[in-house]
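To start, the structure itself, in structure tokens.
Readers should treat all values here as calculations from the given coordinates under stated rules, not as data from a laboratory. Values in this document were obtained by computation on a predicted structure and should not be read as measured data. Glycine gets a Cβ as well: all are built from the backbone with ideal geometry, and neighbour counts include every protein chain shown.
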Amino acid sequence: MIDPYAIIKYPLSTEKTVRLMESENKLTFVVNSKSKKQEIKQAIQELFKVKVVKVTTINTSKGVKKAYIKLSSENKAIDVATQLGLI
């Protein structure tokens, strides 16, 4: 298992990501550009003790890889964001 801290760089907290937390139960993180969706899923589940339903990734034009993490209904994205100090 790869170190989760090597995969997950930092969470994003913008107006859009807060809206996604509230409406779609999603968290957004900047991740290592070489990491795969399955590695990201395992890292999030290990770090935050939540169940991940889906991982969607985007490579930006600035060379940054963002991961949108859809959490299961029993885990609230707002609770994890509060735990991280984003809200």
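Summary table
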| item | result |
| --- | --- |
| Value of [θ]222 nm, deg cm²/dmol, for the chain, DSSP H segments ≥ 4, -39500 (n - 2.57) each, nearest 500 | -11000 deg cm²/dmol |
| Cβ-based net charge around ASN25, under 9 Å, with every Lys or Arg adding one and every Asp or Glu removing one | +1 |
| In nm, spacing of pseudo-spin labels at VAL53 and ALA6 (7 Å Cα→C-beta vector) | 3.2 |
| Protection proxy ranking of 61-68, 77-84 - average other beta-carbon atoms within 10 Å, highest first | 77-84, 61-68 |
| Inter-probe distance in nm under a simple model that places probes 7 Å from Cα toward Cβ, at LYS76 and LYS62 | 3.1 |
| Cross-link reach list, lysines versus LYS34, counting only Cα pairs under 16 Å and skipping chain neighbours closer than eight places | LYS9, LYS62, LYS65, LYS66 |
